[in-house]
1. Given springs between every Cα pair under 10 Å in a Gaussian network model of chain A, which of A:Ser152, A:Ser141, A:Ser85 has the largest fluctuation?
2. Would you mind checking which residues have amide H under 5 Å from A:Met56's amide H? H placed 1.01 Å from N; only 5 or more apart, or other chain.
3. For a Förster distance of 25 Å, can you work out the FRET efficiency between the beta-carbons of A:Arg294 and B:Glu54, rounded to the nearest 0.05?
4. Using a 10 angstrom cutoff on alpha carbons, build the Gaussian network for chain A and name the most mobile of A:Val17, A:Val103, A:Val62.
5. How much FRET efficiency would the formula 1/(1 + (r/R0)^6) give for B:Lys129 and A:Arg120, where r is the Cβ-Cβ distance and R0 is 41 Å, rounded to 0.05?
6. With each label point set 7 Å from Cα along the Cα-Cβ vector, what nm distance links A:Ala201 and A:Leu27?
7. Could you tell me which trypsin sites (Lys or Arg not before Pro) in the range A:88-164 are loop residues by DSSP with no more than 12 other beta carbons within 10 angstrom of their beta carbon?
8. At A:Lys185 and A:Ala87, where each label point lies 7 Å from the Cα along Cα→Cβ, what is the point-to-point distance in nanometres?
Amino acid sequence: MKINFEHNQSAHCENGVVSNLLKYNGLNVSEPMVFGIGSGVFFIFIPFIKVNYAPMFSFRPVPGFIFSRVSKRLGFKIKRHKFKSKAKAQQTLDAELTKNNPVGLQVGVYNLTYFPDEYRFHFNAHNLVVYGKENGEYLISDPVMPEVTTLSHNELEKVRFAKGPFAPNGHIYYPTQLPQDVDLKKAILKGIKQAYRHMLAPVPIVGFRGIRYVAKRIRKWPDKIGVKKTNHYLGQLVRMQEEIGTGGGGFRFIFAAFLQEASEILENPKLSELSKEMTVIGDQWRDFAIDASRLYKNRSRETDAYNKIADKLDAIALAERAFFLQLKKAIK
Amino acid sequence: MKKEEVPQDQSSFSHTNMKEVVYAVDKEGKYGKALSSGWEAKTMALNESLELIEEKVLETVQKIKQGELSPIAYYMEVQRMDPVVLSGYVGMWQWRVKRHLKAKVFNRLRERTLQKYADAFEITLSELKNPKI
């Protein structure tokens, strides 16, 4: 069977799946809208947790948070299933498909056969939609891919039961009971409020303070841990910022797109102005990535170079602080 | 980012015809989706991390030849795992997996335990015992 499901390529998998599933169920919200209502703009630096031999940086909340916030703020329910048994996981999936219900799946990336080799890491919080089954092959709509694709029963089972941190355990989910009319304005305001609260949080590793903290560490790293490790850490930061799914500039451009849309819905021209400022900040992040990539290309040993990009990061932190303070004022 | 500034550099997925979505503004300043074939700054960051994996594999091979580490360590690195991920796949505690990375401990392991590792790496028992390194 094949459900008449519209595939829209998106920047980010979670927002894309949510946006596509909601559209199928008759609620037309764009990807930036989902991102904004779910307060997706974020920054956190966790120096004591190491991922891939480098400290953890993240430009977005924990996987799954955006979806649950959106459901709460738009007033629909999500049905979720997780499984111990692989057979049960498949039965439930097949049963939903026969009910003509496309479902979201959390999967591991490493065994996704259609991904380029370079992108196959043990990252378990990727999301895609299954919208049918034909000749024993599952029909897959992966929001970061340009076209729909298929996975065999075994291939799908493998990615659904990937192991390690965030192991999906066959996790499937779908929205139920969509409300008759949605109060988009209220949801947008809630999303914005949480966004600036987090970005201005009085916690040294979160929001603009987190960015400043990274800048401070970059100045010390070359002496403390050596140039090679510093470059690797910077590489990690750039990867988190620019990897598939961010829409560029560490999600800052998606957030700017959201503000532009929100400005029209709320009839608040200030938000449109702020959208432009966020675009400038996104460009600053891109500049930072270029400078960082020059460092690990040339393997330059002058510590001044590191101070210079730390200055850039400091400037970004300041700009984001000013931005979110303004955003707070704009919706008062 | 303006639409005409969206980078169209060579990248790891250029050969697959795949493009990724980014958000950018058009001439009127309106946001929309744009496709990018890749960006050099980002490809370099990715390559840097892939090089690190290769270095780790070479290091591990050295240590196996010196009789320090077990073939499990080799397959773990090649498949981009770490002890946390591997312990999930074999269903053992992390500290046990970490012990099994040592050559001395590995040589005393039961077939049943070895089979679990072979299954996790999707290789045969003999491949696990005699890796081609």
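Each value in this text was obtained by applying a stated rule to the coordinates, not by laboratory testing. What you are looking at is a predicted structure, and each value in this text was computed from that prediction instead of being measured. Virtual Cβ from ideal backbone geometry, glycine too; neighbours counted across all protein chains shown.
1. Judging by the Gaussian network model, the answer is A:Ser85.
2. Result for A:Met56 returns A:Ile46, A:Ile49, A:Val51.
3. For R0 = 25 Å, the calculated efficiency reads 0.65.
4. A:Val62
5. That gives a FRET efficiency of 0.95.
6. 2.5 nm
7. A:Lys99
8. The modelled label-to-label distance comes out at 5.5 nm.
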